[in-house]
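Let me begin by presenting the structure, written as structure tokens, before commenting on it.
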Amino acid sequence: MTTGEVNCYNKGCGKKFDPASNESEECVYHSGEPVFHDVYKYWSCCDKKTTDFTEFLNIKGCCRAKHNGEKPVVEEKKKDEGEVKIQPADIKPPERMERPSESEPMVPLPTIVSPSLQKLLNNLQLSDKSEEAEVTKDAICQRKGCGKSKSEEDQPCIYHPGSPIFHEGLKFWSCCKKRTTDFNEFLAQKGCEKGSHVWANPNEKKVVECRHDWHQTGDQVNFTVYAKKVHPDRCVISCNPVKLEVEIVFGENQVFNFNKVLAGIIDPEKSKVTFSTAKVEVSMRKAEFVAWPSTFVL
């Protein structure tokens with residue numbers, strides 16, 4: 001490039017020239033505009049089309065003229081004075097439910113026992129028959145619905161092998177057909193199966209801590225306790241709309257307790273407990289489709 005040369009701004013030229021000797025029509029350029037439509041690239045002033053961008057850049061101009069050293073001025077788009085700005089409508093948050101009282105009755109949650117845990121429990125029962133621990137007269141049968149003490153061991157153990165279910169105001173056991181709307185009548189309902197008592201001395205329970213965590217989805221809060229060899233028949237997990245009470249018996253008469261007030265509101269009738277070999281998961285259905293704070297208890 002010699003001193004005094006400038007760039008030509010005609011479309012498709014891109015050469016440098018000396019303004020002092022710019023007399024002949026040496027500039028070969030495109031008078032139209034570049035067009036990119038579908039996969040094709042071409043100039044509006046030419047018929048040649050291509051799908052390759054490099055080939056498009058090398059399309060020779062179709063017009064001749066003197067070189068142009070003036071940089072084109074890009075006009076700013078004028079704002080339409082008559083343009084009406086639409087303000088977004090104020091979005092009001094949904095009205096929150098009135099928080100129920102913490103003193104509402106606690107109801108036991110229906111339970112599901114995984115097949116793998118049931119198999120493990122069956123094996124444990126077979127191995128424990130020859131090594132039954134000595135129990136005192138204060139021992140209570142741990143089967144649901146029995147409630148007999150060791151001093152009443154001559155009476156049969158009549159219990160519920162199923163899970164409590166609360167659905168649309170009705171309360172019943174999954175193993176029975178009898179249903180009621182009264183909670184006290186539900187608690188007094190006689191068992192439907194006979195079996196051997198499962199004794200446990202209340203004073204021998206060893207309270208321990210277990211690792212636990214929680215997570216939530218749009219309509220559910222899941223509370224998980226990690227414990228092995230859980231005894232579902234001896235666990236008590238109950239709740240009301242704003243409170244959760246958990247007593248998990250596992251291992252060698254170890255007990256984990258968790259009694260807290262919930263940060264949100266749940267629907268006990270649509271909540272459940274799942275027991276598996278290494279954990280217990282309490283699935284609580286939210287009564288409101290809202291996110292709970294960083295901790296699910298108060």
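Which angle from 0 to 90°, rounded to the nearest 10, does the C-alpha axis of helix 115-128 make with the longest principal axis of the chain?
It is inclined by approximately 30 degrees.
Considering the dipole of the chain built from charges on the beta carbon (Lys and Arg +1, Asp and Glu -1) around the Cα centre, which of Gln142, Ser276, Phe256 is farthest to its positive end?
Farthest towards the positive end: Gln142.
Mind telling me which of Pro100, Pro115, Pro34 comes out most flexible in a GNM of the chain, alpha-carbon contacts under 10 Å?
Largest GNM mean-square fluctuation: Pro34.
Rounded if a/c is under 1.5, else prolate if a/b beats b/c, else oblate: with a ≥ b ≥ c from the C-alpha gyration tensor eigenvalues square-rooted, which is region 152-298?
In terms of gyration-tensor shape, oblate.
Could you please report the charge total around Asn68, scoring K, R as +1 and D, E as -1 over all other residues with beta-carbon less than 15 angstrom from its beta-carbon?
Result for the neighbourhood of Asn68: 0.
At a 1.4 Å probe radius, which order do Thr277, Thr180 fall into by accessible area, largest first?
Thr277, Thr180
Between region 1-32 and region 237-298, what is the separation of their alpha carbon centroids in Å?
That distance is 79 Å.
Students sometimes get this wrong: rank Trp214, Trp43 by accessible area, probe 1.4 Å, all chains present, largest first.
Correct descending sequence by accessible area is Trp214, Trp43.
Which one of Lys206, Lys228, Lys11 has the biggest mean-square fluctuation once the chain is modelled by GNM with Cα springs under 10 Å?
Residue with maximal mean-square fluctuation among Lys206, Lys228, Lys11: Lys11.
Report Val74's accessible area, 1.4 Å probe, all protein chains in place, as a number in Å² to the nearest 10.
Looks like 130 Å² after rounding.
For the chain, what does the accessible surface come to per residue with a 1.4 Å probe? Please give it in Å².
Each residue of the chain exposes 67 Å² on average to a 1.4 Å probe.
Restricting attention to region 221-296, which chymotrypsin sites (Phe, Trp or Tyr not before Pro) occupy a DSSP loop and are surrounded by at most 15 other Cβ atoms within 10 Å? Provide the component values of the computation, followed by the final result.
Details: sites: Phe223, Tyr226, Phe250, Phe256, Phe258, Phe275, Phe289, Phe296; in loops: Phe289, Phe296.
For chymotrypsin sites (Phe, Trp or Tyr not before Pro) across region 221-296 that sit outside H, G, I, E and B with at most 15 neighbouring Cβ atoms in 10 Å, the list reads Phe289.
Of Lys194/Lys272; Lys171/Lys194; Lys228/Lys270; Lys178/Lys260, which ones are farther than 30 Å apart at the Cα?
Pairs exceeding 30 Å: Lys178/Lys260.
The values are calculated or read from the model by the stated rules, or taken from the named source; none is laboratory data. All of these numbers come straight from a predicted model, not from anything done at the bench. Positions of Cβ are generated from backbone atoms using ideal geometry, with glycine treated the same way; all protein chains shown enter the neighbour counts. All accessible areas refer to the heavy atoms of the entire protein, side chains included, with ligands and DNA or RNA removed. Shrake-Rupley method; radii C 1.70, N 1.55, O 1.52, S 1.80 Å.
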